[in-house]
Structures are given as C-alpha cells and as structure tokens.
Amino acid sequence: MADIGTERKGRAQAVAMRLWNSRWLLAAGFVAVLMVYGFAGISGYVVLLAGAVLVAAAMLPAGVAHQSTENAAAIEASGLQRLSGEYLAAAVADPLIIFDRSAAVVHANAAAFAAFGGIAPGVSLSLKFRAPEMQALLDNILSGNVASDSVDYIEKLPVERAYRVSASSVGHATDLYVLVFKDQSEARRIDRMRADFIANASHELRTPLASIAGFIETLRGPARNDPAAREQFLQIMQNQTSRMARLIDDLLSLSRLEMKPYLKPGTEVDLRQAIDSVIDSLGPLAKENGVVIERDFAQGPLDVPGDRDELFQVFENLLENACKYGQSGGRVVVSITRGDSDPEPGIDVTIRDFGPGIPEEHIPRITERFYRVDVENSRTQKGTGLGLSIVKHILTRHNARLSIRSEVGKGAAFTVHLPAR
Amino acid sequence: MQSVHIVSAYDEELKYLSKRIAAMGGHAERMVEQAVAALVNANPGLAQKVIRDDLVLDEGQREIDDKAIIIIAKRQPMATDLREIVGAIRISADLERVGDLGKNIAKRVVAVADGRQPNSLFRGLEALANLALTQLKEVLDVYASRSVEKIGFVRDRDDQIDAMYTSLFRELLTYMMEDPRNITPCTHLLFCAKNIERIGDHATNIAETIYYIVTGDQMPADRPKGDKTDKIILPATLPAK
C-alpha cells in the first residue's frame, strides 16, 4: 500500500517538475492562443481546448537526451574530486592537522585529537606547538619558500612522545597546509628504557645477589659440616632469590607500561566489579595480616573508560600497601564516590588505612622509583619500591590523578580520581 | 580569539604578539628542560648551549615590549585588546625570568658535576622539574586555547611543587650534615631546586595574567602558601641510623 502511495506521489512530483521546467513555453503558448482568440474571433471552446492540449504536452516526459549529458558529466567528476577532505583525514591513522595561511587549525582528525587534545578549529598552531623546531617548521612552510619540510619533535610531558613531523602545502593555491605526525616514541623509549633499566635494576639486584654470594662462600667454607647453619642459610638464600624474582616481575610490568604510553580508547570498566575482585583476591593476605577490609560503594553505575587489567593492578597495589603498612590499624576502608563537585566530573576511589601514616615530607616523593619511607619495614614486607611508581604510571595513562592525604599516627588515604570523560 | 577589527592590520599586530609569546614560551620550556637534563646527566656542553640560548628570550622580551608600546600608541586599544597587550608585556617578562632561572641552573652544572651526589637527589630534582614544566606547559596551552576554566589545576600543582621542594630541602640539609664535603654541591643543588620552584611561581603568575586577559577580573586571591622551608630546623646531631 505504502509503496503504491509513494510511487503515485513521486509521479505527481515528476509531472509538477515538468510543468515548472516548461513554464515559459506554456506562458508563451497561452499568450499566442489568447491573441488568436482576440484577433480571429474563434469560439471560446476552441481556446480552452488549445490550452488543455498545451498543458498536456508540457506534462509528457521530455526527451532524455540532455539529462544523459548531465549524468555523464557527474560520472566524470566522481573520481577524487568529490572525496571530502574530512573523510580522507579520518582514514589516516597518524595524527593529521589541516591549517590555513594564518596557522589556524581548519580540521584535525580523530588521531590528532587523541594525541594532542584542545585543537578545536580556529586555534592557532603556532600557539599550540611552541617548541622552537616546530615554530621554525611552521614559519618555513607558511612563508611559501618550500613546498614541504619535516622535523623531529619530542614532547616530554605528560608522557614522552617523539614524532617525525612533516608539513606540506595542499593542492594548488588552496592556501591550505597539512601537518602529519609519525609516531616514533617506541624506538626512543626502547633506548631510554635500556639505560634506565640498567641504572635502576643493577643497584637493586646487587643487594640480594651480594648476600647470596656471601652465604655460598660460607656454606662452602666454615659452615660446610654444620647442618643447622646450612638449613638456615639456605632459607635466607631462598628469600633473597624470591625477592629478586619479584623485583624482576615489577620491573618488567613497569617497562611494559612504558612501551605503550597511551591507552586504547573505547573500553569501559565497571569499577564496582573490578574492586570487588581485587578485594577477593587479597582476602588471604588481609587475613594473614589481621586486617578487615570494609566496603563503602556509591549506588548506581560506576563505569569509567579504561583498561580493566591495568586498573586492577592499581587497586591491587594500593590495597596491598594498605594491608601491609596499615596493619596496626586493623581495618582498611575502600570507598567509591562520585566526584561530581570536582571541576572534572568522575569517580573517586579512596583506600584508607588506620596504620602509622606517612610523614609529611615523604608524601610528595613516594611515587618515585625505589623511594622508600622506611627501608627496613619495606624489606620485611617484601616490597620492591616500585608498586606506587607503577600505580602512578597507569594513572597518568588514564588521565587520572592520585592524591595522598596522611597524618602521622592516624593512617593514610590514597584517592584515585578517574575522569568520566 | 579576538573579535575582528575594521583595520585588519590591527588584528595582524595582535596575532603577531601572541605568536611571539608562544615562541618565547617554547624557548623557555626547552631551556629549563635542557638545563635540568644537563644537571642530571652532568653534561657541561648542553649547559653551555642553554646559557647561550638565553639571549633569544631577552631579545624576544624587548621585541614584545616595543611592539606592544607601538600598538598602544597607534591604535588606542580598549577593553579586551588593551588587556591582551598589557598581558603580553607581563607574560613576556615572566617568561624572560623563567629563562634566567634556567640559565642559572645551567651555570651550576660544572660545580655540581665534580663530586657525584646520590642518585635519589637527582631523581627528586628531576621530578620537581617535571612538575614545574607540566605547570608551565598547561598554562601556555591555556593561553593558546583561552579555556580559563582549566586554570584551577595550575594552583593545585603549585601545592605539589611546594611540597616536593620542602622535601628536597630537608634531604639536602641531611646530606650536608652527614659530610661537610657535601656542602658545596648540595648548596648549588639547593639553589637549583629553589630556581625550579620559582619557575612554578612564574607559571602561576602567567596563569593569573591569562585569567585577567580573558575575563577582565582578577583571579580570587586565595593562593595558599605551601612552602614550609622557612620553618625547617634539623637537630644538630644526626639520628642514629
């Protein structure tokens, strides 16, 4: 039914179109008929008949000849001419920015938004990319002396990224230019990592290694025939090797994080479920330390964009710390609240312990690698000095913030603010 | 950014000012970054380069001052335009000081490079510099995008910088008490830390100027004071280790 209706409507529209297209011819025909009527004095019926014939003729489909020439022209132009620059930019996986003669952004693709943010159309590129080499590149290309140019550009903060940036003008006299960023962070990071790894790890691995070497010497020498001492020394050596294994695990997970500094967009994490599973997995440790974990979760959905495994590690590290170092408090409170009052709406997860707390002068620095508030205590709790460093790394990737509040003797509270985007 | 004027050359002049500010900002960021890298890696060559680069900033500030005065004289600016121009003068002065502080850090590289100091100190300095540089970068990004609602974060960072500086101050004092031979390099490092902390203050100043340019109001004056080094007194003898 509906099909017939629309078909009929379509046909009526076509007829109206034809009438409209031949309106001038129709008008001229009518004038001619009226003139004949006036001068020749024929009957009115003949005039009406002539008018009806004219209208009917105009309603008939016109010859398709000139329509087909139009179609041919359209087919000819449908190559790259009709392709929108926007679609083309979206199809490029690297960050790409199109700008005009005054260095103002005309269009930036999704990759550019993800990498740099805050590049709405109209923002000046020379204000956004202030590094001297980028300024030189922009000046060079805008002066019109060269058609294309490229430089190496390194962004240190918030996470280090290195790009090979090439700029070139688009088409002939369009007054548009394009910047394409080729990410080379990976190669640079591998270089840096090697140096860092050797510096950090060699120092930390040396200590247990030295003690193992010492005990081996003792076992081969003075303690050769002393079964009691042998048993004790072997126990210590076992502890030291497991410490080294933990350290290597942490170093590897830290370097894995550094290898891929930004996050795959689009995945959502249900915090309630993630934190529940963290609490379950740390149940045995809490029992061993005599700590009770209490939950205080807000109502409603608690989803944030992020990577589930990484956020799991964040809360695992924080809760593990709370259980170990806040042991004397006897309880740990995990609370999730909606931080809507914050300038950046999101969800706050707070892990609070009631242990000895952290002295104020250490708070700013405890996320540094191998920084320990109390070296002795950290060793006995089997800490590697990397837990909070890993936490901070993951949170930086999530655009999240870690704030630490503590009062000596009253415990410490670690709050993670995850933006809801 | 600005509304369009009838004389388009006026727009061009204002745009030129903000472009020069951005270029100065880029130079200042780079100088501080390289000065700290030279300090941490004990690289006197890089330090020399930083010291030479300071000329660019001095030159930039003079140019912006001249241009701004000429615009005021020629165009008789009002409201936003006037704030924009006066703001440019103030921001360029702050950036020039940031460059000076970076240069000062670079000058101390040689003095510190002699005796090797504990790694944790350098890591602390690096972290402090990262905080200050992040703050400077965020502020200059706000200057580009004019989104003043992000300025609140800048002050939060200022607190972090002050807390970190206080912690480093304490640590440096401890090293000096441990061994008098540490006093020379540690004093230099103390000045470096102070310089970095001052860079953060200049970034906050710039943030306040931007707020004024965009809104026409002064930023609320509840700037908290987190630097507690004026009260640090370590006991005369070291605690038993």
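The values are calculated or read from the model by the stated rules, or taken from the named source; none is laboratory data. Note that the structure is predicted; figures quoted are calculated from it, not measured. Cβ: placed from backbone, ideal geometry, glycine included. Neighbour counts: every protein chain shown.
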Within region A:323-341, can one find any residue that is farther than 18 Å from A:Asp296 by Cα, of a type outside the set (A, V, I, L, M, F, W, C) and within 13 Å of chain B (Cβ to nearest Cβ)?
yes
Tally up the residues in region B:1-36 that are surrounded by fewer than 18 Cβ atoms within 10 Å (Cβ to Cβ) and not charged (D, E, K, R), please.
11
Would you call A:Arg230 part of a loop (DSSP other than H, G, I, E, B), of a type in the set (Lys, Arg), more than 17 Å from A:Leu395 (Cα to Cα) and over 22 Å from the mean Cα position of the chain (by Cα)?
no
The one condition in (1) within 30 Å of A:Lys392 (Cα to Cα); (2) modelled with pLDDT of 85 or more that A:Ile216 fails to fulfil
(1)
Expected single match for over 30 Å from B:Tyr16 (Cα atoms), among the aromatic types (Phe, Trp, Tyr) and within 11 Å of another protein chain (Cβ to nearest Cβ) among B:Phe169, B:Phe153 is B:Phe169
Among the residues of region B:140-161, is there at least one that is under 24 Å from A:His203 (Cβ atoms) and buried (at least 16 other Cβ atoms within 10 Å of the Cβ)?
no
Only helices (runs of 4 or more DSSP H) wholly contained in region B:39-125 count here; list those with 3 or more residues that are surrounded by fewer than 17 Cβ atoms within 10 Å (Cβ to Cβ).
B:44-75, B:79-107
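For region A:114-168, which positions are of a type in the set (Gly, Ala, Ser), assigned to a helix (DSSP H, G or I) and more than 9 Å from chain B (Cβ to nearest Cβ)?
A:Ala114, A:Ala115, A:Ala136
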For region A:335-362, enumerate the residues that are farther than 29 Å from A:Glu268 by Cβ and either under 29 Å from the mean Cα position of the chain (by Cα) or among the small types (Gly, Ala, Ser) (or both).
A:Gly355, A:Gly357
Say we look at region A:348-407 and pick out the residues that are within 13 Å of chain B (Cβ to nearest Cβ) and basic (Lys, Arg); which of these is surrounded by the fewest Cβ atoms within 10 Å (Cβ to Cβ)?
A:Arg405
Where in region A:289-386 are there strands (runs of 3 or more DSSP E), lying fully within it, with 2 or more residues that are assigned by TED's automatic domain parsing to the domain that holds A:Ala412 and touching a Phe, Trp or Tyr at 6+ places or on another chain (Cβ under 9 Å)?
A:331-338, A:346-353
Which pairs do you get when a residue that is closer than 14 Å to B:Ile206 by Cβ, found in region B:130-151, comes within reach of a residue that is assigned to a loop (DSSP other than H, G, I, E, B) and among the polar types (S, T, N, Q), reach meaning Cβ atoms under 9 angstrom, with the pair 6+ apart or on two chains?
B:Asp141/B:Ser147
Within region B:186-202, does at least one residue satisfy the condition of being surrounded by fewer than 22 Cβ atoms within 10 Å (Cβ to Cβ) and either at positive phi or in contact with a Gly (Cβ under 7 Å, 6 or more places away or on another chain) (or both)?
no
Go through A:Leu285, A:Leu271, A:Leu319 for me and flag whichever is touching a residue at least 12 places away in the same chain (Cβ under 8 Å), away from chain B (no Cβ under 14 Å) and surrounded by fewer than 18 Cβ atoms within 10 Å (Cβ to Cβ).
A:Leu285
Search result, residues across region B:174-195 that are more than 15 Å from A:His362 (Cβ to Cβ), in a helix (DSSP H, G or I) and over 21 Å from the mean Cα position of the chain (by Cα):
B:Tyr175, B:Met176, B:Met177, B:Glu178, B:Pro180, B:Arg181, B:Asn182, B:Ile183, B:Thr184, B:Pro185, B:Cys186
Across region B:189-241, which residue is modelled with the highest pLDDT among those that are among the polar types (S, T, N, Q) and closer than 22 Å to B:Ile91 by Cβ?
B:Asn195
Looking at region B:120-148 only, could you name the residues that are more than 7 Å from every other protein chain (Cβ to nearest Cβ) and of a type in the set (D, E, K, R)?
B:Glu126, B:Glu138, B:Arg146
Please verify whether region B:37-47 includes one or more residues that are touching an Asp or Glu at 6+ places or on another chain (Cβ under 9 Å), within 20 Å of A:Glu155 (Cβ to Cβ) and at pLDDT 90 or above.
yes
